[in-house]
Amino acid sequence: MLRNSKEGVAVQVSNHDDVRRRNLSAILRHVHRAGATSRSELTRITGLNRSTIAALVATLAELGLVVEREPDASRTVGRPSPIVAAGRRPVAFAVNPEIDAITVAIVGLDGDVRRTIRHVTDASPSAEEAVATATKLIGQLRAGLDADAIVVGAGVAVPGLVRTEDGVVRHAPHLQWVDEPLAELLAKATGCAVQAANDASLGAMAERFFGAGRGLNDLVYLNGGSSGIGGGIIVGGQLVGGHAGYAGEFGHVRVGGDGMPDTAGIPGTLESVVTRQRLLDALHQHDGLELHSPTPDEVEQALLASNSSAVQEEIGRQLDHLAVALAGAANMLNPQLVVLGGFLAAIHAADPERLLAAVGGLTLGPNFDGLQISSAKLGSSILMIGAAELAFEALLDDPAGWVAANS
């Protein structure tokens, strides 16, 4: 039997072992996603009594998963309640392969992206080359960890269709990968438990829990990278994956009758007319600025600094095409928020009013009412944070069981 608190945290009250697992999970998941929380607040949101919370927190602390600290006495009234925060010992590796770079980071359970290494490639890597590079970078990051670090595993954000059950990349057209067992290959090479999923779906999850979408249940996320445009959809608080986990491919939605085929061979799609390369070409041609494998932040800075009318024209053209896709999403899904990441955040930042007006002109009035369009709050860390969530999930689901199995 489940008892639901006012905050929606379900607490099991029948079997003792299951009670303990669920309660430990609820507390660890809360401090991981919501941040440091007082014991008294944990008591309120779980509906458990103070002594039970104290015992559960003590268990999590003994496992090295949380830390307790005294509150700032000057900001409290009455007896202060200890603060519980995610510990710094648990970490996960996050990996994002693209056509021009492979990025690996170490991410803490406390939400801190500790260190990131971006390895630029001369050509689009094969799956085997990506695994070899990621393994080397993970080794470098692992060497810098504290001796008592708890490595939970690795998560991979893939710009393509990933089968959720086993991490097989069914189709990543820009990388030219088909049916690549990426998660299995990386697990064998690193000795880590590895999970893989579509990059934009992970970005949607990260923004929902830690970024612009906190507290919202319906949002759409679009990510623009060197490997094209992908999307993630949150409906009713749940990530929409579809039958096999392939939902959200906004990049392959037609936004015009003409246009060059995209990498999947479909003409007139969003990612065939809205591309990072066309922005870089415009910056090079009209501003004399040549950016090789730039980060999203570097693209945004260059676009905002440009005074070229031709660059501004290209931004406007891309925004108008993007608006077609976003209006379709608004009309079909009625989200509260659209979040843009990667180079899409850069063109949005260059002229947010134009994009909002263009979407409004193509969206039914009731669907457009209250719709917000925002750049990703997590910036260039978004895919690293999203990928790490894949690795952390097993620990969050059963903290004591995971530690016991991996000690």
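The values are calculated or read from the model by the stated rules, or taken from the named source; none is laboratory data. Worth saying up front: this structure is predicted, and the values here are computed from it rather than measured. Cβ atoms come from the backbone with ideal geometry, glycine included; neighbour counts cover every protein chain shown. Accessible surface areas use protein heavy atoms only, side chains included; no ligands, DNA or RNA. Shrake-Rupley method; radii C 1.70, N 1.55, O 1.52, S 1.80 Å.
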| Over region 39-184, what is the relative contact order in whole percent, taking alpha-carbon pairs under 8 Å and six or more residues apart? | 17
| message | In the chain, if the dipole is taken from +1 on Lys/Arg beta carbons and -1 on Asp/Glu beta carbons about the Cα centre, which of ASN217, THR52, TRP402 is farthest to the positive end? | response | THR52
| Ordering ASP179, ASP218 from largest to smallest accessible area (1.4 angstrom probe), what's the sequence? | ASP179, ASP218
| field | Those GluC sites (Glu not before Pro) in region 83-183 that DSSP places in a loop and that have at most 16 other beta carbons within 10 Å | value | GLU165
| query | Among ALA200, GLY245, THR295, whose Cα lies farthest out toward the positive end of the dipole of region 190-302, if unit charges sit on the beta carbon of Lys, Arg (+1) and Asp, Glu (-1)? | reply | GLY245
| field | DSSP-defined antiparallel bridges as percent of all bridges, the chain, nearest 5 | value | 65
| query | For the chain, what is the relative contact order in percent, using Cα pairs closer than 8 Å and at least 6 residues apart in sequence? | reply | 15
| note | Taking Cα atoms only, helix 276-287 is inclined relative to the longest principal axis of the chain by an angle, in degrees rounded to 10, of 60
| task | About the Cα centre of region 218-345, how large is the charge dipole given +1 on each Lys and Arg Cβ and -1 on each Asp and Glu Cβ? Please answer in debye to the nearest 20. | result | 340
| note | Probe 1.4 Å, heavy atoms of protein chains only: per residue, the accessible area of the chain in Å² is 44
| request: For region 240-294 and region 322-342, compute the distance between their C-alpha centroids and round to whole Å. | output: 16
| said: In whole percent, and with a 1.4 Å probe on the protein chains, what portion of the accessible area of region 237-333 is carbon and sulfur? | reply: 53
| task | Give the calculated FRET efficiency between LEU304 and SER38 to the nearest 0.05, with a Förster radius of 41 Å applied to their Cβ-Cβ distance. | result | 0.50
| Taking Cα pairs under 8 Å and at least six residues apart, what relative contact order does region 329-407 come out at, in percent? | 37
| About the Cα centre of the chain, what is the dipole size in debye to 20, counting +1 per Lys and Arg Cβ and -1 per Asp and Glu Cβ, all else neutral? | 1680
| request: Can you tell me what the convex hull of the Cα atoms of region 138-240 projects to on average, as an area in nm²? | output: 7.8
